[in-house]
Amino acid sequence: MNLKSLIIILFPIILIIITGCSKTMPDKIFFNGKIYSLDSKNNVYEAVAIKDDLIFDLGTSEDLLKKYPDVEKINLKGATILPGFIDAHGHITGYGENLLTIDLVGTNSQTEIAALVKQKSQYVSEGEWILGVGWDQNDWEDKSWPDHKILTEAAPKNPVALTRIDGHALWVNKKALELAGITKEIPNPDGGEIKRDTDGNPSGILIDNAMNLIYNVIPEPTEEQLIETVLTSTQNLVKYGITSVHDMGVNERIISIYRKLADEEKLPLRIHCYVDGIGKTWEKYLKEGKLVGYGKNFVSVDGIKLFVDGAMGSRGALMTEPYQDDPKNFGLMLLSEDQIYQVAKDAIAKGLQVATHAIGDSGNNIVLNAYERAFNELKPKDHRFRIEHVQVINPNDAKRLGKLKVVPSMQPVHATSDMPWAEARLGPERVKWSYALRMILNETGIIAGGSDFPVENPSVLEGIYAAITRQDKQGKPQNSSDVEEFVKQKKWVLSKAGIVNPENFEGGWYPNQKLSIDEAIKCFTIWPAYAVFEENKKGSIEIGKWADFTVLSKDIFNITPYEILKTKVLMTIVGGKIVYKDEGLN
Ligand SMILES: [Zn+2]
């Protein structure tokens, strides 16, 4: 036997020894892909090797397959890999609750809805509430208000409460009326109405503040229900390629459920919690400080979520000048500058973050004033305080965002959702510095992007599309005459423009605020990673970072915006584990 044949015989044994003993071998390789690292040199690779939950090596498929011949191999078949998507502003339990209630959007009759309620009643126990959202009697043949009878018949043993599509009316059954004690004798509450039949008995429709009579008797969810809500939510979020979420406004009960699920390795994605305002949970974290990377880096508590004002749709956003379409109304102030300043000081002292919801220009101004006072006093080295939404901000205050190093957390889809009515609220001047992604990015160099799910669909690809086009999914507005027409009519006229050419994305709503595709992707990767002090752990594909990836069917750097909407998430990988795989993939 010569030396050569001896080596051939011994080779498998040597290999087993090497792979068995060596700590320098990865567990698996994803190869044959187009891997956009989004590192500082924008390197593109074909293959990535993973060990445990970390990126172990990067290179060409040939190199890595040769280097590590005896590990699990996953063929990407030319798919595109990006750093795992991050949503910097969402509501995990809110989204889960929406998914678990009956979706009534688009239903066409009372009978159809009653059938859905009856079906649901077979899966819940007696007495458990059945909830649904999205009915609209304008979609029915008979457009008058419905009454409780058909729902009472559908689920006689369960209270039923179905929210109208606009959230301003509740349709309930008899059981629900009974539990809430709503009888003939109960008067209408302030700011609300109990609809009644000809005898004065409650008919089953409650308007505005009268809805609280029902909400007050819906019990708090059990631990089991909350776990189901969280799992349903997170398991759906990973379908959109989301690998981390900044969860806005959570209490200790939810945080402890996240920790429990992380202990059991059941969370499919990483969660950064911002606690729900001043109160018990906040006091706890002020005492204990940040929770960092609990359960193999799946749960963190980073700071507090505050609200300085309301929303623009309901004219609750706090404005310096009144609303264009409501000249006496300036909106609502929910916290004063002093209150925010006090919280900011407490947070800085403990190394926690403050993330304040601010929509109106006055709201944003107040938050910046409060933050600035606290910064001047305590001189934090690296605070990464945030403003959530930053929807209407004076250009001078946009400059201050940059100067004070406050992270703007914005949702590109809000612009395209609100554009049909935003200008009516704001008028022609203020609207120019509203939803102003470009203006703000120029000042700050960073935007943490999100969707605000369940207010919007959690699709990151839709967020990227909205950021680069400033158009809705039909490609509108396509040009300036579209916009003029819209301002006149206060709504888009789809038929007027005819069939929208999906390849023509010259237009867009205030197109000077568009982002480039590179910037839009950074909004959902490295920038939100920075917003939670994890830019050295995730947000790009580099050796030593966490193996969090989003695998896409198309190379979104090199297709039209319209094709981005047609791109599929093929796989979502968190900490090296495939947490979602498209059904079409084998
Ligand atoms: Zn929100």
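The values are calculated or read from the model by the stated rules, or taken from the named source; none is laboratory data. As the structure is a prediction and not an experimental result, all values here were calculated from the model. Quick reminder, even Gly has a Cβ in these numbers, built from the backbone with ideal geometry, and neighbours come from all protein chains shown. Ligands, DNA and RNA are stripped out before the accessible areas are found, and what is left, the full protein with its side chains, is counted by its heavy atoms. Shrake-Rupley method; radii C 1.70, N 1.55, O 1.52, S 1.80 Å.
When Lys432, Lys405 are checked against the criterion of being of a type in the set (Lys, Arg), open to solvent by 30 Å² or more (accessible area, probe 1.4 Å) and at pLDDT 95 or above, a single residue qualifies: Lys405.
Give the residues of segment 234-270 that are on the phi > 0 side of the Ramachandran plot and under 14 Å from the mean Cα position of the chain (by Cα), sorted by residue number.
Gly241, Gly249
Scanning segment 311-337 for residues that are farther than 19 Å from Asn369 by Cβ and part of a loop (DSSP other than H, G, I, E, B) yields a count of 12. Apart from one condition, Gly84 fits all of (1) open to solvent by 60 Å² or more (accessible area, probe 1.4 Å); (2) more than 16 Å from the ligand (Cβ to nearest atom); (3) in contact with a strand residue (DSSP E or B) (Cβ under 8 Å, 6 or more places away or on another chain); the exception is (1).
Within segment 245-267, the residues that satisfy the criterion of being within 16 Å of the ligand (Cβ to nearest atom) and under 22 Å from Met571 (Cα atoms) are Val245, His246.
Filtering segment 319-368 to residues that are open to solvent by 40 Å² or more (accessible area, probe 1.4 Å), polar (S, T, N, Q) and either under 15 Å from Arg400 (Cβ atoms) or within 16 Å of the ligand (Cβ to nearest atom) (or both) leaves Thr320, Asn365.
Just to be sure, is Ile218 of a type in the set (Val, Ile, Thr) and either open to solvent by 70 Å² or more (accessible area, probe 1.4 Å) or under 20 Å from Val124 (Cα atoms) (or both)? So Ile218 fits the description; yes. Identify the residue in segment 56-68 that is touching a Pro at 6+ places or on another chain (Cβ under 9 Å) and open to solvent by less than 30 Å² (accessible area, probe 1.4 Å) and, among all such residues, is farthest from the ligand (Cβ to nearest atom). Filtering segment 56-68 for residues that are touching a Pro at 6+ places or on another chain (Cβ under 9 Å) and open to solvent by less than 30 Å² (accessible area, probe 1.4 Å), the one farthest from the ligand (Cβ to nearest atom) comes out as Tyr68. Give me the residue from segment 259-279 that is assigned to a helix (DSSP H, G or I) and touching a helix residue (DSSP H, G or I) at 6+ places or on another chain (Cβ under 7 Å) and, out of that set, surrounded by the most Cβ atoms within 10 Å (Cβ to Cβ). Restricting to residues being assigned to a helix (DSSP H, G or I) and touching a helix residue (DSSP H, G or I) at 6+ places or on another chain (Cβ under 7 Å), the top hit is Leu261.
May I ask you to verify whether Glu519 is open to solvent by 30 Å² or more (accessible area, probe 1.4 Å) and either modelled with pLDDT of 90 or more or within 16 Å of the ligand (Cβ to nearest atom) (or both)? Yes. Is at least one residue of segment 381-391 open to solvent by less than 50 Å² (accessible area, probe 1.4 Å) and part of a helix (DSSP H, G or I)? No: zero hits. Of all the listed residues (Val117, Val71, Val124), the sole one being touching a residue at least 40 places away in the same chain (Cβ under 8 Å), away from the ligand (no atom under 16 Å from the Cβ) and surrounded by fewer than 20 Cβ atoms within 10 Å (Cβ to Cβ) is Val71. Of the residues making up segment 451-477, those that are among the charged types (D, E, K, R) and open to solvent by 20 Å² or more (accessible area, probe 1.4 Å) number 4.
Checked against the criterion of being of a type outside the set (Phe, Trp, Tyr) and open to solvent by 80 Å² or more (accessible area, probe 1.4 Å), the candidates Lys195, Lys157 yield just one match: Lys157.
Each residue in segment 415-471 was checked for being part of a helix (DSSP H, G or I), of a type in the set (Ser, Thr, Tyr) and within 16 Å of the ligand (Cβ to nearest atom), and 1 of them qualify.
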